[in-house]
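Taken together, the values in this text are just the output of simple stated rules run on the coordinates, not laboratory data. Since the structure is predicted, the reported quantities are computational estimates derived from the model, not experimental observations. Neighbour counts are summed over all protein chains in view; Cβ atoms, including those assigned to glycine, are modelled from backbone coordinates with ideal geometry.
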Amino acid sequence: MNKSFPFINMLSKVKRVISIIGRPKGVSMSFKSISVADAAQSIKNGVLVIDVREQNEYDQAHIENSVLVPLSTVSAEKINEINPQNKTILIHCHAGKRSKVAANIILSQGYAGEILELDEGISAWIEFGQKIIS
């Protein structure tokens with residue numbers, strides 16, 4: 001066992017145990033990147049839309065009823081605070097990079113809800129003629 005990296009060794013053991021016993025029911029360990037069409041349908045179905053861009057970007061254009069949580073403030077705790085009903089969340093940014101980072105952050109902090117991510121961000125949303133608030 002490598003004593004210089006105890007955390008990595010422990011993480012490796014945890015991954016082995018999870019692979020053997022399976023993940024707990026209801027615990028998400030990944031997110032799903034989706035298209036604009038799938039995102040629009042998900043919004044109609046009642047997902048909570050989380051915008052991880054900065055305030056000035058949000059002020060210029062945002063998806064109706066979205067909640068601004070800038071990437072620098074994203075945490076599983078914050079998502080749980082704004083989503084007490086544990087709805088599926090749809091995370092987006094401008095082009096899809098920050099939203100993927102945000103999804104990975106909250107997953108790494110133990111977030112157990114379902115996470116969707118708008119693959120190419122609000123830029124694709126606008127390009128496909130979807131409604132925005134500006």
* Structure fact -> By Cβ neighbour count within 10 Å, fewest first, Leu107, Leu116 rank Leu107, Leu116
* Structure fact -> Quick numbers on the range 41-134, Rg and Dmax over C-alpha atoms in Å, give 12.1, 35
* So for the pair Thr88, Ser30, with labels modelled 7 Å out along Cα→Cβ, what separation do we get in nm? -> 1.6
* Asked: Hey, fewest Cβ within 10 Å first, where do Asp59, Asp119 land in order?
  -> Asp59, Asp119
* Asked: Counting other C-beta atoms within 10 Å, which of Tyr111, Tyr58 has the fewest, and how do the rest follow?
  -> Tyr58, Tyr111
* Can you give the extra length, in nm with one decimal, that the chain gains between Ala76 and Gln109 once fully stretched, where that is 0.36 nm per residue apart less the Cα-Cα distance? -> 11.3 nm
* Cα-centred dipole magnitude for the range 26-127, charges only on beta-carbon of K, R (+1) and D, E (-1), debye, nearest 20 -> 240
